[in-house]
Amino acid sequence: MRIVILSLLISIYYGNLAAQETNNSGLKLYTFDCGELTFSEMDLFSTAGDYAGTTATFSDSCFLIRHKDGDLLWDLGLNVELIKEGPVQSGITTVSLNKSLVQQLEEIDLIPDDIEFVSISHSDYDHVLQNPSFPNATWIVNEKELSAMKKDGELAGMYSGFKNMKRIVFNGDYDVFGDGTVMILQTPGHTPGHTVLQVMLKETGPILLSGDLYHQAKSRELKRVPRFNYDEAQTRQSFERFEKIAAELDAKVIIQHESTDIEALPKLPNYLQ
Ligand SMILES: [Zn+2]
């Protein structure tokens, strides 16, 4: 009898372990180069006034999460016209792009129609502009961000490509594949519906992709809030939420515009798993 109970307990234990492992087994995170932004004056990026007179270069990064039940593209980068045009300057900002998302997908033998889901951390131009490349994907979008993107009730201009995509609109957090491995977490303040992405990789462990909650490692360290944020108090609440989750999970935080963070990640065709 004792042996029967013991083997039953062992099979339940290993059954649970196996279920957890199959959820994130094969889960992969690829990093894509979505361009570069340089700022000749950084004052806008700190309400404390301590960035005045400094300059900075930001990576613009996008990510592909491959899950056994589908592929999710996180953020859609700068516009493909920049590849031909070369760097374009406007005011304090210069933007450039070397390769499109479609070209980078090709490097890992994928085409846009292979991508089931796209989602954006938020709707600023440097996170959305390749939306016309994915007409057949399903767009997973925070309800408040969607409202902020609409002008006269319509998605227009740089958001036009989103207009005819199939759409999943959510409030709060969103579990992309229903198994807790890929979670979109609401962290409003930079914009009304800003979000970050939590990915539970099997070997690397938990990852948090920052969106623009923080733009640089030093803005995380110093808890600096850009002057152009939608709501500073809300941003600070989101800092707290994010740091609590990062600490609880002992997660690796990737600041999407921090070139030190991005350069440390595997280059295509390599990935984290
Ligand atoms: Zn950005």
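Before moving on, here are some points about what is shown:
- Of all residues in the range 114-147, those satisfying the criterion of being of a type outside the set (S, T, N, Q) and within 15 Å of the ligand (Cβ to nearest atom) are Ile120, His122, Asp124, Tyr125, Asp126, His127, Val128, Leu129, Glu145.
- Residue within the range 18-28 that is closer than 22 Å to Ile262 by Cα and in contact with a Leu (Cβ under 9 Å, 6 or more places away or on another chain) present: yes
- Residues that are of a type outside the set (D, E, K, R), within 16 Å of the ligand (Cβ to nearest atom) and buried (at least 20 other Cβ atoms within 10 Å of the Cβ) within the range 21-41 comprise Thr31, Phe32, Cys34, Gly35, listed in sequence order.
- Against the conditions (1) over 18 Å from Leu272 (Cα atoms); (2) within 14 Å of the ligand (Cβ to nearest atom); (3) crowded, with 21+ Cβ neighbours inside 10 Å; (4) in contact (Cβ under 8 Å) with a residue 60 or more places away in the chain, Tyr51 satisfies every one except (2).
- Of all the residues in the range 92-106, those that are over 18 Å from Leu72 (Cβ atoms) and in contact (Cβ under 8 Å) with a residue 40 or more places away in the chain number 8.
- Some residue of the range 153-161 being in contact with a Phe, Trp or Tyr (Cβ under 7 Å, 6 or more places away or on another chain) and either charged (D, E, K, R) or under 26 Å from Asp69 (Cβ atoms) (or both): no
- From the options Tyr159, Tyr174, residue that is within 16 Å of the ligand (Cβ to nearest atom), hydroxyl-bearing (Ser, Thr, Tyr) and touching a residue at least 24 places away in the same chain (Cβ under 8 Å): Tyr159
- Annotation note: of Asp114, Asp175, the sole residue that is under 16 Å from the mean Cα position of the chain (by Cα), surrounded by fewer than 22 Cβ atoms within 10 Å (Cβ to Cβ) and more than 30 Å from Ser40 (Cβ to Cβ) is Asp175.
- Among the candidates Leu78, Leu72, the residue that is crowded, with 23+ Cβ neighbours inside 10 Å, touching a Gly at 6+ places or on another chain (Cβ under 9 Å) and under 24 Å from Pro188 (Cα atoms) is uniquely Leu78.
Read the figures in this text as sums done on the coordinates, not as results from a lab. None of the values given here were measured: they were computed from a predicted structure. As a convention, Cβ positions derive from the backbone with ideal geometry for all residues, glycine included, and neighbour counts pool all protein chains shown.
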